[in-house]
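Structure first, commentary second.
The values are calculated or read from the model by the stated rules, or taken from the named source; none is laboratory data. Note that this is a predicted model, so its numbers are computed, not measured. Using ideal geometry, Cβ is built from the backbone for each residue, glycine included, and neighbour counts are taken over all protein chains shown. Side chains are part of the model used for accessible areas, which takes the heavy atoms of the whole protein and leaves out ligands, DNA and RNA. Shrake-Rupley method; radii C 1.70, N 1.55, O 1.52, S 1.80 Å.
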Amino acid sequence: MKRIFIFLGIFFSSLIWAQEFNSVTELPDYAILKTKMKLDDVVTKADTQAEFPGGMDVFKRKFAESMDVIDVKSDKIDTRVYFIVEKTGYVRSVTATGSDKKHSQAAEVAVRRLFVKWKPALINGEPVRFLYTFPLSLKKY
């Protein structure tokens, strides 16, 4: 029963998918990211953002389906997942930061399992490397 609530919490948790940063260096986890990712010529804002086939609702559903159910010990989890959508449309360099290491690892694995070609982000009609970031939070009731 606990696993079902955790899965539903992840599935229905409030996910914010909008990019809110102008530069990679403004990210709250920049120090961690620069050690784990190649951030050369990566942008966080574009004329047209990277798009998952079918839209973000499909991405959210597939992400929730691919995320492993984990036993969570804490009452609140805040994880931020980062990945780069390359010029080719493929996702690379997935990393997650947060207070619960198991949850962060499960979120990373869930994104990696979605091996789907995205529509790349565009600036002036040219594809660019796009850093996608979104928070994933869960509260136990």
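Counting only strands (runs of 3 or more DSSP E) wholly contained in segment 81-141, the ones carrying 1 or more residues that are out of contact with any Asp or Glu (no Cβ under 8 Å at 6 or more places or on another chain) and among the acidic types (Asp, Glu) occupy 126-139.
Each row is one residue, and each column tells you yes or no for (1) of a type outside the set (Asp, Glu); (2) open to solvent by 10 Å² or more (accessible area, probe 1.4 Å).
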position	(1), (2)
ALA31	yes, yes
ASP78	no, yes
ILE84	yes, no
LYS101	yes, yes
PHE130	yes, no
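Please work out if LEU122 is modelled with pLDDT under 80 and either surrounded by 17 or more Cβ atoms within 10 Å (Cβ to Cβ) or more than 20 Å from MET37 (Cβ to Cβ) (or both). No: the conditions fail for LEU122. Counting only residues that are aliphatic (A, V, I, L, M), closer than 16 Å to VAL94 by Cβ and at pLDDT below 90, segment 25-60 holds 6 of them. Within segment 34-54, the set of residues being loosely packed, with under 15 Cβ neighbours inside 10 Å and among the polar types (S, T, N, Q) comprises THR35, THR48.
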